[in-house]
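One structure is given here, and the rest of the page talks about it.
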Amino acid sequence: MVNSEEVAGFEFYLVGMTITDVSGGTADQYMDLVNFNASSGKIVGVSFSGSTIPAGSSILTQIAFSNYNDSEICAENAVFS
């Protein structure tokens with residue numbers, strides 16, 4: 001992720017596969033909760049303590065997946081705040 005401002009939370013959908021795990025990156029380091037819904041492809045990260053991901057460029061999170069359908073993997077409806 002490349003962000004010019006701090007990020008206190010995020011959500012987005014990944015389509016074209018089934019998510020099996022999310023881990024690591026700045027999301028694990030700064031967010032209190034990082035979770036996903038395998039059936040919808042939604043990934044959410046939030047801080048309840050007020051922690052933020054600093055501005056900069058780094059890996060947001062690593063995503064493990066299965067059932068890749070040989071098409072493009074797309075991020076949809078992304079919200080970063």
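The values are calculated or read from the model by the stated rules, or taken from the named source; none is laboratory data. Computed from a predicted model, the values in this text were never measured in an experiment. Glycine gets a Cβ as well: all are built from the backbone with ideal geometry, and neighbour counts include every protein chain shown. Ligands, DNA and RNA are stripped out before the accessible areas are found, and what is left, the full protein with its side chains, is counted by its heavy atoms. Shrake-Rupley method; radii C 1.70, N 1.55, O 1.52, S 1.80 Å.
Restricting to segment 28-50, what's the tally of residues that are open to solvent by less than 50 Å² (accessible area, probe 1.4 Å) and touching a residue at least 24 places away in the same chain (Cβ under 8 Å)?
Residues of segment 28-50 open to solvent by less than 50 Å² (accessible area, probe 1.4 Å): 31, 34, 38, 41, 43-47.
The next check asks that each one be touching a residue at least 24 places away in the same chain (Cβ under 8 Å); those that pass are 34, 41, 43-47.
Of the residues in that region, 7 qualify.
Quickly run through segment 52-77 and pick out the residues that are under 22 Å from Asn3 (Cα atoms) and without any contact (Cβ under 8 Å) to a residue 40 or more places away in the chain.
Thr61
Please work out which residue is least open to solvent (accessible area, probe 1.4 Å), limiting yourself to segment 62-81 and to residues that are among the hydroxyl-bearing types (Ser, Thr, Tyr) and under 18 Å from Asn35 (Cα atoms). Outline the logic, then answer.
Step one: list which residues in segment 62-81 are among the hydroxyl-bearing types (Ser, Thr, Tyr), which gives 66, 68, 71, 81.
Filter once more, so that each one left must be under 18 Å from Asn35 (Cα atoms): 66, 81.
Numbers: Ser66: 44, Ser81: 87 Å².
Ranking the candidates gives Ser66 first.
Say we look at segment 1-27 and pick out the residues that are charged (D, E, K, R) and farther than 19 Å from Ile73 by Cα; which of these is surrounded by the most Cβ atoms within 10 Å (Cβ to Cβ)? Break it down into steps so the answer makes sense when it comes.
To start, the set of residues in segment 1-27 that are charged (D, E, K, R) comprises 5-6, 11, 21.
Checking the rest, the ones that are also farther than 19 Å from Ile73 by Cα come to 5-6.
Values: Glu5: 11, Glu6: 13.
Within segment 1-27, the match that is surrounded by the most Cβ atoms within 10 Å (Cβ to Cβ) is Glu6.
Look at segment 42-81 and say how many of its residues are polar (S, T, N, Q), farther than 18 Å from Asp28 by Cβ and in a strand (DSSP E or B).
The qualifying residues number 2.
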